[in-house]
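Here the structure is laid out as structure tokens; the discussion comes afterwards.
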Amino acid sequence: MVGDYILGPVLAGIRVLDLSRVIAGPYCATLMADLGADVVKLERPGRGDDLRAWRGGHGMSAAFAAINRGKRGIAVELQHPEGARLAFKLARRADVVIENFLPGVAERLGLGYPALRAVNPAVVYASVTGFGQTGPYARRPGYNTIAQGMSGLMALTGMPGHPPTRVAGSVSDLAAALCAFGAVNAALVHRFRTGAGQQLDVNLLASTLSLLPDPVAQYFDTGQRPQRMGNRNANLTPAEAYPTKDGMIQIVMMNADQYDRFCKALGDPALATDSRFATNDARLAHYDEFRKRVEQALAGATTAAWLERFERASIAAGPVYEFDEVFADAQVNHLGLVAAIEQPGYGTARMLTYPVRASGTPAAIRRPAPLLGEHTAEVLTEIGVTPSDIERLAAAGTIALAPGREA
């Protein structure tokens, strides 16, 4: 139904086979699960995804729970021919397959795109790697910090005179996850229109570079290598972090009207008429003098006081939080950006929620992350494997069931 009625999950009925590990591929699949897709995560018996062991986790970690919520989990040894055939059978009925093997590995396992397309021409097959399916680096393993270094992101990050600096968090992995998520859903739209699936080549290097369209444009425009500028914006000022009486505040000006209001709110209206500071170009030319003047004014009050004053003047400003302060923020809490779920094998796990609100098809965390092999019997039964065969496969080490689970 439409109008005032809320529709069901937007991806309900979409089957996703997640063959990927760690963050980029798995998080793409998790976002699909938040939107209602039935995601089956396949892991290796005995050890599972490497993320399970992060920070001393014994089969379940906070990171694994956050990155793999909403999925059903099976444990199948793909190096066993019968295990690879089970995965192929699952892929044959899947709408989406996500894998992050090095190029050539899926083909050797009989799970490459050409083999699947032959039996499932509508499949959307997302391959997530460090450097792509072809090219001189295609067979190199790639991780977050490697992509940050090679994309130029690290070259732009850091204080003047300091070496290139990594951006905290798994930025490149998440960039690839979000690129894959958008591409997979666009490919599903194409499939619904035409009936045809396709392979998607997603890689960390290209995805990280895609975060930098404006520095890239400026570099090609000027031919000049960008310099590391810390918290400064090379093209605007004020547009950076400043110290206050008790912390730091970010302030950003985009036009002359905003700057005039800023000077009045700062209590220094002469800044708007002084020829050294009246225009953005003039402020950049006299940057050190301008910054010192702004710092002197901001040092006279707390961050909270300045935020209140700038809000009244419609000036874009925000506090610079330490990480633990983020989760006490009123807007973060209003938006419901953190959820707490009961995670088997861990306890209460707090994690970020799906970041977009949709009026008709809201996302939700529909189940916790699976224990290793938790749904092996359930999923294999759905594709016609009998209880006796499940017992035989488990005894042979081809599959694994969750502790205490039987076929």
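The values are calculated or read from the model by the stated rules, or taken from the named source; none is laboratory data. All values derive from a computational prediction rather than experimental measurement. Every residue, glycine as well, gets a Cβ built from its backbone with ideal geometry; the counts of neighbours run over all protein chains shown.
Would you check if residue 125 is over 18 Å from residue 26 (Cα atoms), surrounded by 15 or more Cβ atoms within 10 Å (Cβ to Cβ), under 25 Å from the mean Cα position of the chain (by Cα) and modelled with pLDDT of 95 or more?
No: the conditions fail for residue 125.
Among (1) surrounded by fewer than 11 Cβ atoms within 10 Å (Cβ to Cβ); (2) part of a loop (DSSP other than H, G, I, E, B), there is one condition residue 281 misses while meeting the rest; what is its number?
Against the list (1) surrounded by fewer than 11 Cβ atoms within 10 Å (Cβ to Cβ); (2) part of a loop (DSSP other than H, G, I, E, B), residue 281 comes up short only on (2).
Taking the range 110-120, which residues are outside any helix (DSSP H, G or I) and surrounded by 20 or more Cβ atoms within 10 Å (Cβ to Cβ)?
111, the sole residue that qualifies.
Can you tell which of 86, 78, 31 is more than 18 Å from the chain's Cα centre (by Cα), part of a helix (DSSP H, G or I) and buried (at least 20 other Cβ atoms within 10 Å of the Cβ)?
Criteria check complete, one pass: 86.
Inside the range 216-268, can you point out the residues that are assigned to a helix (DSSP H, G or I), of a type in the set (S, T, N, Q) and closer than 18 Å to residue 318 by Cα?
Once the filter is applied, which keeps residues that are assigned to a helix (DSSP H, G or I), of a type in the set (S, T, N, Q) and closer than 18 Å to residue 318 by Cα, the range 216-268 yields only 258.
Kindly indicate whether residue 181 is touching a helix residue (DSSP H, G or I) at 6+ places or on another chain (Cβ under 7 Å), surrounded by 19 or more Cβ atoms within 10 Å (Cβ to Cβ), modelled with pLDDT of 95 or more and not in a helix (DSSP H, G or I).
So residue 181 does not fit the description; no.
So, residue 144, is that one polar (S, T, N, Q) and under 18 Å from residue 16 (Cα atoms) or not?
No; evaluated as a whole, the condition is false for this residue.
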